[in-house]
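The values are calculated or read from the model by the stated rules, or taken from the named source; none is laboratory data. What you are looking at is a predicted structure, and each value in this text was computed from that prediction instead of being measured. A quick note on method: Cβ atoms are made from the backbone with ideal geometry, for glycine too, and the neighbour counts reach across all protein chains shown. The protein model used for the area step is the full one, side chains on, heavy atoms only, and it has no ligands, DNA or RNA in it. Shrake-Rupley method; radii C 1.70, N 1.55, O 1.52, S 1.80 Å.
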Amino acid sequence: MKMFEVVENWALHAFADRELEGAEQKAMEKLLAENEDARKALASINFQKAELHKAYGAVLHEPLPKSLLATAQGRSGTGYIPYAAMAASVALVVVGGLGGWFTALQSGLAQNIGIEQRALVAHEVYASDQRHAVEVAASDSDHLQKWLSKRVGQNIVIPNLTAVGYPLLGGRLLAAENSPAGQLMYESADKKRITIFVAANPGGKDEELQWKWKDKLVTCFWREGNLALAVTGEMSKDEMTTLSKTIYEQMEKKV
């Protein structure tokens, strides 16, 4: 096995995004200095980032169409943003995630999308991906916990759900309203996946458990203290409520 192949995919992306520090940064610099294949892999990542910025970067600075903005801020009976608005938000997040995505999230469109909608879209995008479902694997959960805690700005406890049939698969960095968020993914023995969307809770306003459905998916979401959380998966409301309470007990504990 070539040396660079043992490096987790997240490490090369994190280096390209200047997110590594200390020993991790030095180790990656050493690997890149010694291994041509690792340098080629990094060059490919940087090329893709540059091409995406070239193709879509200008979109971040364009004014939103009035019709789309009106829809996103809309007056639907349920009080939720239509799916078209969610899709537009995902496009902004994908482009912005490559650098400069804070600008995109300042738009009224992004700020009017609740955590439950973000969690549902993120689950649909990543839970079905078999090869790149997570950025950081469960085998490196210590790094994942520290990385997401640092980026979200709050201490994040990664729940252990093995006892209820959902071992940790890994996690990734996403976006909330105008700040980073995280997604934790778990997978059962029969390959069913659930995700936890976690973000900071500015102002610390508490909100009790609530539910949102989309086709077969259900999201249970709440806010308490410094965190806003949403758990998403295919299951009944009762099953999701029980699972969410288990997650709540672990993530909200004082550490």
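Which members of region 126-172 meet the condition of being of a type in the set (K, R), open to solvent by 70 Å² or more (accessible area, probe 1.4 Å) and within 19 Å of E24 (Cβ to Cβ)?
First, the residues of region 126-172 that are of a type in the set (K, R): 131, 146, 150-151, 172.
Restricting the remaining residues to those that are open to solvent by 70 Å² or more (accessible area, probe 1.4 Å) gives 131, 146, 150.
Across region 126-172, the qualifying residues are K146, K150.
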query = Quick check: is even one residue across region 216-236 at pLDDT 90 or above, in a strand (DSSP E or B), of a type in the set (D, E) and out of contact with any Lys or Arg (no Cβ under 7 Å at 6 or more places or on another chain)?
reply = yes
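I need the full set of residues from region 173-209 which are surrounded by 17 or more Cβ atoms within 10 Å (Cβ to Cβ), among the small types (G, A, S) and without any contact (Cβ under 8 Å) to a residue 40 or more places away in the chain, in order please.
G182
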